[in-house]
Amino acid sequence: MAQTVKQKKQGLANPFGFFRHECESALKAGYSSFQKTSGHGVRDVDIASTLEDPPNPTFGHLATSLSFEVAKAQKKKPIEVARTLAETTRKVATLDLIESIEATEPGYVNFRANLARLTELTLKSIQRDGSEYGLLKTHASEKTVVEHTSANPARPIHIGTAKGALFGDALARLLAARGHSVRTHFYIDDTGRQVAIMAYGYKLLGEPTPEGKPDHFIGKIYSVTATLVEIEELKKRIALLKKTEEADTDISAQTKSLDEWVGIAADLQGKYPKEFDKLSKLISKDPDPEKSIQELIQKYEKKEPDTSALMRRVTRIILTGFDETLRRARIRFDQWDWESDLLWTGRVAELVGQLKESGFTFNKGGALELDVAKAVEKFGLRQILGVSPTFEFPPLTLLRSDGTSLYPTRDIAYTLYKFENAEKVINVIGTEQSLAQFQVKVAFWITGHRKEAEKFLYFPIGHLLLEGQNMSARRGRFVTFDQVLDETVTRAKSEVDRRSPTLPDEIRKRIADRIAISAVRYAILSVDAIKSTNFVWDKVLNFEANSAAFINYAYTRSSGILRKLGKLAEPKKLDLLKDPAEQALVLELSKFPETFARAADDLNPTMLCLYANLLAQRFHEFYEKSDISHVSDNELKWQRVALVLAVRTVLKTLAGLLGLELAERM
RNA sequence: GGGCCGGUAGUCGAGCCAGGACUAAGACGGCGGCCUGCGGAGCCGCAAAUCGUGGGUUCGAAUCCCACCCGGCCCGCCA
């Protein structure tokens, strides 16, 4: 009730929500009157939660199964209870949006909406609120940080990472539209070994200016360098093992690994002969490449000026490439956070200090370990965080014996850092990180950040397979986000060329670009984030199967109608839209505000994808059945046009929320 | 060994948290129809599902509980 009143004040309408609200009030009053005459049934029933969607419109638009519970308590037949309840409810209901209240077998009470009123309310609301229609604002706005993508800056973004990027981006859009103050962060993991290897190779080559796309160029250097260094190391290790007469099994394992790397090296040499040969020569001159890399890592952690400048320089080149890719996919970030800054500003050291003081750490061979199990028992976290009673918590290594930090340690410090300017933090990361993300939470409890622990959300992204197989950067079984975008654009372009040959090429290009990016985004977003998905080229490129094109086509058809009509006129009333196809379409539009609010609150962009698809479907059905531009009755024509305009408005809003781009023509 | 997450027509995939008319959405593929009108990337229809298996709770279970099976992932002084 309070919510509805407040929303009225805000001016954002929720047509179906109003209907639901009327049904709730009526049912509550009807039920209490029912209790007076028929004795007590069920106590403390949450009326609102018994209202559900009936399976089809013949049962009305909302229904309650309350009678079943009451019948059980009173030992009566559900249908008898339903009849009485429908009767008492009918007496007290204000029949504005409610048309009828009826009991049906086997015992439901069905509420039918007054579609004439609902149509008027819905279309007028959309006309009035325009692009804001449906975007109900939360009453608990929170400063929210969404961290996502955070791809390792040593090679191009691949499609597995892209899945997280698309969900993170969509979440941010949804939450912002819901009225939260959202900032997206990209975590630049620049203090690890990979960036050091990359910088090492780049430096050896004399810091060449990138040819082609920067991340692809540097990624190539990284792959070649990493492979060559690994081979050097393995050779040394095997030699050492042989010298010390270690067990044959160890030697054969290392030899097997070496063979594998040599194979990879051969592939790389074939693909990038120039860089490979050059780097091969340069690395062989270095007496100890591994030591050089370790030095880079250590000097960088200490912010040694020359090393820091080099590391940042090369990482920035990669990031330029990332930015280009992300921009193409319509993904943008508010902030780029350098992991190295966490070390330099002392945040990691400070965290480690706090953890040490807590008494939950211990020393193991010079390394500092966090006793996660002890903390879980002490704070009763099994209960609080819902962990199985038999789960054994492994300790977490915070510092190596040489005193340097590990990734999880820095991640805890980073998550705390994100809370410095936010009330809520959402980490969009792969499911393989679930234990690590749990450990972050435990560390929060230990350091007394309980509020943060509560407001810290882990949004898991299911594994993405490539044509049924794991992606492997080493083996070259790896598809970059750029490749996906390129291929999809190419395919879309040839479709547009075929279907709209009369349009100028420049326009066709722009249309293809929009269709392609929408298809890629929809393909990923339309399946639950947590599910492992299989990336199949055919599926992404098949515009018959992909609903993005289907949704866009609804928009294109509506554009065609408007183009045909030219100058538009306002209808006098909105009382002629009585065809079932029209009513079904209006009903769908009326449900958009509730659907949006739920998708945002449940962090579920997939739900909105499905809604967009459903709305487009209803529109296509309407389009097939209803004449518009050539209907002779002018009043009917303009009423239908009002419906078309409303659909366009909501489609555009949906596109904005999901990052789809609609083309007027296709 | 322990844990987390998935398991729904030939394939993909909603519904599961908040049990109810589920006779299970939608799509791809298959089969059959529909263009003298606003663009057929569309519409209409048909066939196709032991909701992983077995128990339990309930008036009622795809949904909740227990056990098990299958698949993915995690349990590093990697990130």
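With respect to A:R83, determine if the residue is farther than 30 Å from A:L574 by Cα, at pLDDT 90 or above, more than 11 Å from RNA strand B (Cβ to nearest atom) and not assigned by TED's automatic domain parsing to the domain that holds A:A584. Criteria met by A:R83.
This table checks each residue for (1) open to solvent by less than 30 Å² (accessible area, probe 1.4 Å); (2) near RNA strand B (Cβ under 8 Å from one of its atoms).
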site	(1), (2)
A:F362	no, no
A:L368	yes, no
A:V376	yes, no
A:R382	no, no
A:G386	no, yes
A:E392	no, yes
A:R400	no, yes
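For segment A:198-209, a residue qualifies if it is within 32 Å of the chain's Cα centre (by Cα) and open to solvent by 20 Å² or more (accessible area, probe 1.4 Å), but none of them does. When segment A:566-583 is filtered for residues that are open to solvent by 30 Å² or more (accessible area, probe 1.4 Å) and assigned to a helix (DSSP H, G or I), the ones remaining, listed by number, are A:P580, A:Q583.
Restricting attention to segment A:46-86, the residues being open to solvent by 80 Å² or more (accessible area, probe 1.4 Å) and not in a loop (DSSP other than H, G, I, E, B) number 7.
Examine segment A:595-615 for a residue that is outside the structural domain of A:R178 (by TED's automatic domain parsing) and farther than 25 Å from A:I331 by Cβ, and state whether such a residue exists. Checked against the condition, which is being outside the structural domain of A:R178 (by TED's automatic domain parsing) and farther than 25 Å from A:I331 by Cβ, segment A:595-615 yields at least one hit.
Listed here are the residues, each with its yes/no results for (1) out of contact with any Cys (no Cβ under 7 Å at 6 or more places or on another chain); (2) within 29 Å of A:H148 (Cβ to Cβ); (3) open to solvent by 40 Å² or more (accessible area, probe 1.4 Å).
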| site | (1), (2), (3) |
| --- | --- |
| A:S181 | yes, yes, yes |
| A:A196 | yes, yes, no |
| A:E211 | yes, no, yes |
| A:F217 | yes, yes, no |
| A:I221 | yes, yes, no |
| A:K236 | yes, no, yes |
| A:K243 | yes, no, yes |
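Set side by side, the residues A:G462, A:G430, A:G448 differ, and just one is over 22 Å from the mean Cα position of the chain (by Cα), of a type in the set (G, A, S) and surrounded by fewer than 21 Cβ atoms within 10 Å (Cβ to Cβ), which is A:G448. Return yes or no: is A:A545 without any contact (Cβ under 8 Å) to a residue 40 or more places away in the chain, in the same structural domain as A:T653 (by TED's automatic domain parsing), buried (at least 24 other Cβ atoms within 10 Å of the Cβ) and of a type outside the set (V, I, T)? The answer is no for A:A545. If A:T50 satisfies every condition in (1) in contact with a helix residue (DSSP H, G or I) (Cβ under 8 Å, 6 or more places away or on another chain); (2) in contact (Cβ under 8 Å) with a residue 24 or more places away in the chain; (3) within 8 Å of RNA strand B (Cβ to nearest atom) but one, which is the exception? Going through the list (1) in contact with a helix residue (DSSP H, G or I) (Cβ under 8 Å, 6 or more places away or on another chain); (2) in contact (Cβ under 8 Å) with a residue 24 or more places away in the chain; (3) within 8 Å of RNA strand B (Cβ to nearest atom), A:T50 breaks only (2).
Of all residues in segment A:66-88, those that are under 12 Å from A:T50 (Cβ atoms) have Cβ atoms under 8 Å from Cβ atoms of residues that are away from RNA strand B (no atom under 11 Å from the Cβ) and open to solvent by 80 Å² or more (accessible area, probe 1.4 Å), 6 or more apart or on another chain, in A:V70/A:K76. Please enumerate the residues belonging to segment A:612-638 that are open to solvent by 70 Å² or more (accessible area, probe 1.4 Å) and aromatic (F, W, Y). Correct list: A:Y623 only.
Determine whether A:E432 is within 26 Å of A:T184 (Cα to Cα) and free of Cβ contacts under 8 Å to residues at least 12 places away in the same chain. No. The set of residues from segment A:248-267 being farther than 24 Å from A:L279 by Cβ and open to solvent by less than 50 Å² (accessible area, probe 1.4 Å) comprises just one member, A:I251.
Scanning segment A:599-607 for residues that are within 8 Å of RNA strand B (Cβ to nearest atom), open to solvent by 30 Å² or more (accessible area, probe 1.4 Å), assigned to a helix (DSSP H, G or I) and touching a residue at least 24 places away in the same chain (Cβ under 8 Å) turns up nothing. For segment A:9-45, the set of residues classified as modelled with pLDDT under 75 and either more than 30 Å from the chain's Cα centre (by Cα) or buried (at least 16 other Cβ atoms within 10 Å of the Cβ) (or both) consists of A:K9, A:S38, A:G39, A:H40, A:G41, A:V42, A:R43, A:D44, A:V45, listed by residue number. Close contacts from segment A:526-537, counting a first residue that is under 22 Å from A:Q483 (Cα atoms) and a second that is open to solvent by 70 Å² or more (accessible area, probe 1.4 Å) and within 6 Å of RNA strand B (Cβ to nearest atom), with Cβ to Cβ under 9 Å and a gap of 6+ residues or different chains, come to A:S526/A:L610; A:S532/A:H463; A:T533/A:H463.
For the residues A:V540, A:V536, the requirement of being more than 7 Å from RNA strand B (Cβ to nearest atom), out of contact with any Ser or Thr (no Cβ under 8 Å at 6 or more places or on another chain) and under 30 Å from A:E467 (Cβ atoms) singles out A:V536. If you check A:R521, A:R474, A:R498 for being assigned to a helix (DSSP H, G or I), more than 19 Å from the chain's Cα centre (by Cα) and of a type outside the set (A, V, I, L, M, F, W, C), only one passes: A:R498. Filter segment A:110-161 for residues that are of a type in the set (F, W, Y) and not in a loop (DSSP other than H, G, I, E, B) and give the result. Passing the criteria: only A:F111. Inside segment A:345-360, residues that are touching a residue at least 24 places away in the same chain (Cβ under 8 Å) and either acidic (D, E) or within 16 Å of RNA strand B (Cβ to nearest atom) (or both) make up a count of 5. Among the residues of segment A:443-471, those identified as of a type outside the set (V, I, T) and assigned to a strand (DSSP E or B) are A:F456, A:L457, A:Y458, A:F459, A:P460, A:L464, A:L465, A:L466, A:Q469. On the basis of being in the same structural domain as A:R618 (by TED's automatic domain parsing), near RNA strand B (Cβ under 8 Å from one of its atoms) and assigned to a helix (DSSP H, G or I), does A:I551 make the cut? So A:I551 fails the test. Out of the residues in segment A:87-109 that are within 11 Å of RNA strand B (Cβ to nearest atom) and not in a strand (DSSP E or B), state the one that is surrounded by the most Cβ atoms within 10 Å (Cβ to Cβ). The selected residue is A:G107.
If only residues of segment A:402-426 that are surrounded by 19 or more Cβ atoms within 10 Å (Cβ to Cβ) and not in a helix (DSSP H, G or I) are counted, the one that is farthest from RNA strand B (Cβ to nearest atom) is A:A422. Kindly check whether there is at least one residue in segment A:639-652 that is more than 7 Å from RNA strand B (Cβ to nearest atom), surrounded by fewer than 21 Cβ atoms within 10 Å (Cβ to Cβ) and either on the phi > 0 side of the Ramachandran plot or free of Cβ contacts under 8 Å to residues at least 60 places away in the same chain (or both). No, the conditions are met nowhere in segment A:639-652.
The values are calculated or read from the model by the stated rules, or taken from the named source; none is laboratory data. What you see is a predicted model, and the numbers here were worked out from it, not measured in a lab. We place every Cβ from the backbone using ideal geometry, glycine too, and count neighbours over all the protein chains shown. Surface accessibility is based on the protein's heavy atoms, side chains included, excluding ligands, DNA and RNA. Shrake-Rupley method; radii C 1.70, N 1.55, O 1.52, S 1.80 Å.
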